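Written below as structure tokens is the structure these notes are about.
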Amino acid sequence: MLTEDELWSGVEKLFSESTVVESLKRKSHHTIIATNPATKEYTIKYGKSGDPVVVKFWKVCKMYSMLCDAGRLFNSDMKNGGHNEVDMSTWHIPGSAMLAVIPLLDSEVTINEDGPEAGLYRKLPSNIGDDDGDDDYYDDDYYDDSSSGRTSNDDRSDSMNPNSDRYNPGR
């Protein structure tokens with residue numbers, strides 16, 4: 001996970017290089033036309049409309065933190081309550097533009113390109129949810145039996161099943 005200073009340096013680099021930031025669905029774009037280090041805000045200009053919009057950088061940092069914590073952040077996540085986390089009454093301009101800049105700031109962030117929904121993925125740290133000491137993203141102990149939809153660690157009903165060794169271990 002990048003620090004706030006690293007993220008801000010990335011925004012300033014995008015500004016200095018006049019980088020065009022494509023929307024997640026590549027249907028629109030914007031550029032950063034000004035940065036204000038004192039207030040930690042930057043101004044974007046939308047390509048089609050040319051309208052300038054001021055972005056509060058703390059909101060980008062919060063969305064980046066949400067992405068890093070959950071491993072994904074989609075427009076639907078922001079529409080369904082995530083907007084409250086960044087002090088927006090609804091998910092509106094410049095929301096998607098803030099999401100679209102994140103993959104340009106962190107090379108470990110990828111854009112969802114499957115299906116109709118726009119969003120971001122970032123691999124979770126290996127120590128999250130993995131207590132077997134290995135450094136794999138997915139736990140090596142995971143067993144996928146697609147015919148049953150159960151994992152080897154799934155004991156939701158085995159303790160109540162009389163035919164199970166967990167119910168009657170002495171058999």
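Computed from the coordinates by the stated procedures, all read-outs in this text should not be read as laboratory data. What you are looking at is a predicted structure, and each value in this text was computed from that prediction instead of being measured. We place every Cβ from the backbone using ideal geometry, glycine too, and count neighbours over all the protein chains shown.
Just grab the label-to-label distance for residue 87 and residue 41, each label 7 Å out from Cα along the Cβ direction, in nm (one decimal).
In this crude spin-label approximation the distance works out to 1.1 nm.
Taking 0.36 nm per residue of separation and subtracting the Cα-Cα distance, what length does fully extending residue 34 through residue 1 add? Mind dumping the intermediate values first?
Numbers: separation 33, 0.36 × 33 = 11.88 nm, distance 2.53 nm.
My answer for the length gained is 9.4 nm.
Quick one: Karplus J couplings for region 16-27, per residue in order, coefficients 6.51, -1.76, 1.60, θ = phi - 60°, nearest Hz, x for Gly and Pro?
5, 9, 6, 5, 7, 9, 6, 5, 4, 9, 6, 9
May I ask you to give the average projected area over all directions of the convex hull of the Cα atoms of region 31-117, in nm² rounded to one decimal?
Values: hull surface 25.1 nm².
The orientation-averaged projected area of the Cα hull of region 31-117 comes to 6.3 nm².
Per 0.36 nm of contour for each residue apart, how much would the distance between residue 25 and residue 56 grow if the chain were fully extended, relative to their Cα-Cα spacing?
Values: separation 31, 0.36 × 31 = 11.16 nm, distance 2.27 nm.
Stretched fully, the residue 25-residue 56 segment lengthens by 8.9 nm.
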